[in-house]
Amino acid sequence: MLFSVKSPILGFEDVTHMDLEKIDAVFMRLRNADSPTPTFTLVNPFALRAYEFEIPIALQVLLNLDRAENILIANIMVIQSPLRESTINFLAPLVFNFDDQLMAQVILDNTKYPQYQISEKIASFYQTPKEDQ
């Protein structure tokens, strides 16, 4: 599904449209709709851990969240080999409004959310199949 980027992903401020593809219940792929790069692997944080945060009012307005019924939260994962060494950024979640096809990245204050890190190994949360290890 194609989304309009309302607040950019850090380092990719020129990207305005992203295409989200579901892989399974845990993983997704996010691609720049206008260029071959960037492409991100996303993870459903709720499948891995307890995860909650406040979305700033400005982003709530940008994303029309007050009337949205279909919202997705996902986190960027950096794939490594072996897979258990892959890391997840829990401090900069992506918020998707499926109703209006809008998305934005939220940057969390690490002093307010000390339980989340910018680079946490997936092995801490998710058991990989033997062949991936």
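The values are calculated or read from the model by the stated rules, or taken from the named source; none is laboratory data. Only a predicted model underlies this, so the values are computations on that prediction, with no experimental measurement involved. No Cβ is skipped: glycine too gets one built from the backbone with ideal geometry, and neighbour counts run over all protein chains shown. Heads up: the accessible areas ignore ligands, DNA and RNA and are worked out on the full protein's heavy atoms, side chains in. Shrake-Rupley method; radii C 1.70, N 1.55, O 1.52, S 1.80 Å.
A straight chain from Glu85 to Asp19 at 0.36 nm per residue would run longer than the Cα-Cα distance by 21.2 nm. Calculated from DSSP H runs of 4 or more alone, at -39500 (n - 2.57) each and per residue, what is the 222 nm mean residue ellipticity of the chain, nearest 500? It lands at -1000 deg cm²/dmol.
When segment 2-121 is described by a simple charge dipole with +1 on each Lys and Arg Cβ and -1 on each Asp and Glu Cβ, the residue from Leu108, Leu63, Ser81 located farthest towards its positive end is Ser81.
Report note on the peptides 102-108, 73-79: ranked by the mean count of other C-beta atoms within 10 Å, highest first, their order is 102-108, 73-79. Once all protein chains are placed together, Lys121 keeps about 90 Å² accessible to a 1.4 angstrom probe. Of the accessible area of segment 2-121, computed with a 1.4 Å probe over protein heavy atoms only, carbon and sulfur atoms account for 51 percent. Each Lys and Arg contributes +1 and each Asp and Glu -1, all at the Cβ; summed about the Cα centre of segment 21-133, the dipole is approximately 300 debye.
Taking every protein chain into account, the 1.4 Å probe leaves Arg84 with about 80 Å² of accessible area, to the nearest ten. Converting phi to 3J(HN,Hα) with the Karplus coefficients 6.51, -1.76 and 1.60 and the offset θ = phi - 60°, segment 37-44 yields 10, x, 10, 10, 9, 10, 10, 7 Hz in sequence order, with x at every glycine or proline. Of the two radii for segment 9-76, the radius of gyration is 0.97 times the Kirkwood radius, both from the alpha carbons; that is the Rg over Rh value. Database remark: amide H of Ala33 closer than 5 angstrom to the amide H of His17, Met18, Asp19 (H placed geometrically; neighbours at sequence offset of 5 or more, or on other chains; Pro and chain starts carry no H). Residue-wise HN-Hα couplings along segment 109-125, as the Karplus relation 6.51 cos²θ - 1.76 cosθ + 1.60 with θ = phi - 60° gives them from phi, are 7, 5, 7, 7, 10, x, 6, 10, 10, 7, 8, 10, 5, 5, 4, 5, 10 Hz; Gly and Pro carry x.
Karplus-derived 3J(HN,Hα) values for segment 54-60, using 6.51 cos²θ - 1.76 cosθ + 1.60 with θ = phi - 60°, are 9, 8, x, 3, 4, 6, 4 Hz; glycine and proline are entered as x. For Asn64, no residue 5 or more places off, or on another chain, has a built amide H under 5 Å of its own.
Taking all pairs of distinct Cα atoms, average 1/r, flip it, and tell me the Kirkwood hydrodynamic radius of segment 2-121 in Å to one decimal place.
Evaluated over segment 2-121, this radius sits at 14.7 Å.
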